[in-house]
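**Student:** Sending over a structure as structure tokens; questions will come in a sec.
The values are calculated or read from the model by the stated rules, or taken from the named source; none is laboratory data. Everything numeric in this text was worked out from a predicted model, so none of it was measured. Neighbour counts run over all protein chains shown; Cβ positions are idealised from the backbone, glycine included. Protein only, heavy atoms only, side chains kept; ligands, DNA and RNA dropped before computing areas. Shrake-Rupley method; radii C 1.70, N 1.55, O 1.52, S 1.80 Å.
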Amino acid sequence: MNIPLMDIQRQNRQLKKRLHEAVQRVLESGTFISGEENRLLEAKMKRYTGAKHAIGVNSGTDALILSLRACGIGRGDEVITTPYTFYATVEAILQVGALPVFVDIHDRTYNIDVEQLQLALSEKTKAVIPVHLFGLPANLQEIRAFADRHNLVVIQDACQAAGAAYHGQPIEAWGDLICLSFYPTKNLGACGDGGMILTNNDEYANRLRRLQTHGTYKKYHHAEVGYNSRLDELQAAILSVKIDYLPQWNQQRQKNAKQYNHAFKDLPIGLPVMPDDRDHVCHLYVLKTEKAPELMNYLQEHGVGSGIYYPLPLHRQIALKNKYKSLDLARAESAAGKTVAIPVYPELTEDEKAFVIEKVKTFFTQEGRR
Ligand SMILES: *Cc1c(COP(=O)(O)O)cnc(C)c1O
């Protein structure tokens, strides 16, 4: 069998007719930036998440950068976040000139450990960026309470968590600004780059719309140094087709993950936790094992794709120039390099899942012990 870690062509093939119609509609309309397709996607996203404003941008990374800028965060400010995420989370903080302040993760959820937030707080702290890693919402109730106590903004990095819920409400209900990525392999993926910011705050929404179009307040009149960061009409049209399927795709991901969790429950590995009070949208299904490289090799020999998310925590990245040399984040260090993602996408067949399960089990019970 050949079961890649990700295979976006499966959903694109299933939706071929609708996607081709959407692309053709845009080509014939002649409007490629800021048109009806964006308005339609924004309306659908608002209905789905309950958010008051939805602003399409160029990427998830831009969604983070523009959100920070919309809150006026820049040089001299500190932003609390996790060292265990995709680099873009921290890159965005650095891009606006602010300082990332890392707190360690919770060892079972891999999300920011809310117990540590207080230790990271200073007079310069302006925001917290929790990341809903692998699709599991962070502890939003505690983060919200902490932020409200100290007058901080909560910018949720939901790039891996489109459609996730927490305490029975969409995650959008809990944060000031919610950043989504439509990178092709995300739960809601475009056929190119794309991103979106969701917010209930009118002021942030106005500022974001201005920032994304060169700081323009009236044609050829610019109030500030902004960006060129828009979602193009082709991507918006494609996403409008796909968003209709997001709830069922997320459900199927969850079902696959639960099936794996059940099958692996007696193996000597760390399994993803799926707390009852939140909707894990299972962007990635990640196992924790001391034998990560051996497991990956074994799976590869049998045609099963896998990947390590993430091999090096962010406070150890070269780009951060040893600024965090003395920082001891034991749980992030311990997770790095031991987390192996295996295929969990909704289009997996029963046969494929059974094959993956058999191979993982065999690795941990027999051959893998070589
Ligand atoms: C994918 C991702 C991003 C960046 O999104 P892009 O659309 O690729 O710019 C940011 N944060 C996290 C956690 C991500 O997974």
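**Student:** Dipole size in debye (nearest 20) for the range 226-370 around its Cα centre, Lys and Arg Cβ +1, Asp and Glu Cβ -1?
**Tutor:** 680
**Student:** Now for a different question. For the chain, what is the relative contact order in percent, using Cα pairs closer than 8 Å and at least 6 residues apart in sequence?
**Tutor:** 22
**Student:** Oh, and also: Can you list residues whose amide H is under 5 Å from Val304's amide H, if they're 5+ apart or on another chain and H is modeled 1.01 Å from N?
**Tutor:** Residues meeting the criterion, in which the H sits 1.01 Å from N, are Ile3.
**Student:** Next question. Students often forget the sequence filter, so: which lysines lie under 16 Å Cα-Cα from Lys338 once same-chain residues fewer than 8 apart are removed?
**Tutor:** Of all the lysines, those that pass the test against Lys338 - Cα under 16 Å, at least 8 places apart if same chain - are Lys288, Lys291.
**Student:** Work out the charge dipole of the chain with +1 on the Cβ of Lys and Arg and -1 on the Cβ of Asp and Glu about the Cα centre, then indicate which of Thr81, Asn58, Gly97 is farthest towards its positive end.
**Tutor:** It is Asn58.
**Student:** Hey, if we sort Tyr204, Tyr183 by accessible area with the 1.4 Å probe, largest down, what's the order?
**Tutor:** My answer, sorted largest first, is Tyr183, Tyr204.
**Student:** Please sort 127-137, 150-160 by packing, taking for each peptide the average over its residues of neighbouring beta carbons within 10 angstrom, highest first.
**Tutor:** 127-137, 150-160
**Student:** When DSSP assigns beta bridges and you keep just the ones with both residues in the chain, what percent turn out antiparallel, to the nearest 5?
**Tutor:** Approximately 60 percent, going by the DSSP bridge assignments.
**Student:** Dipole magnitude of the range 185-250 about its Cα centre, charges +1 at Lys/Arg Cβ and -1 at Asp/Glu Cβ only, in debye to the nearest 20?
**Tutor:** Values: 8 positive and 7 negative charges, 34 e Å.
For the range 185-250, the charge dipole is close to 160 debye.
**Student:** So what is the relative contact order of the range 246-369, in percent, for Cα pairs below 8 Å that sit 6 or more residues apart?
**Tutor:** Value for the range 246-369: 34 percent.
**Student:** List, largest first, the extents of the alpha carbons of the chain along their principal axes, each in whole Å.
**Tutor:** Principal extents (largest minus smallest coordinate, Cα): 69, 54, 37 Å.
**Student:** Probe radius 1.4 Å, ligands and nucleic acids left out: which of Lys218, Lys46 has the largest accessible area, and how do the rest follow? Can you show the working numbers first?
**Tutor:** Numbers: Lys218 115, Lys46 75 Å².
Largest accessible area first, the residues go Lys218, Lys46.
**Student:** Given +1 on the Cβ of Lys and Arg, -1 on the Cβ of Asp and Glu, and no further charges, what dipole in debye does the chain carry about its Cα centre, rounded to the nearest 20?
**Tutor:** It works out to roughly 400 debye.
**Student:** May I ask you to give the percent of accessible area on the range 246-369 that is carbon plus sulfur, with a probe radius of 1.4 Å?
**Tutor:** On the range 246-369, the fraction of accessible area on carbon and sulfur atoms equals 49 percent.
**Student:** I'd like the carbon and sulfur percentage of the solvent accessible area for the range 97-139, probe radius 1.4 Å, heavy atoms only, ligands and nucleic acids excluded. Let's see the in-between values first.
**Tutor:** Values: 710 of 1520 Å².
Exposed carbon and sulfur together represent 47 percent of the surface.
**Student:** Compute the accessible area per residue over the chain, keeping the other protein chains in place, probe 1.4 Å, unit Å². Write down the numbers at each step before the final one.
**Tutor:** Numbers: 16350 Å² over 370 residues.
Accessible surface, normalised per residue, equals 44 Å².
**Student:** Check cross-link reach from Lys17 to the lysines: straight Cα distance under 28 Å, and skip same-chain residues fewer than eight apart.
**Tutor:** Partners found: Lys44, Lys46, Lys186, Lys242, Lys255, Lys353.
**Student:** Let me ask something else. Mind checking which of Ser122, Ser59, Ser67 has the largest fluctuation in a GNM of the chain, springs on alpha carbons under 10 Å?
**Tutor:** Top of the fluctuation ranking is Ser122.
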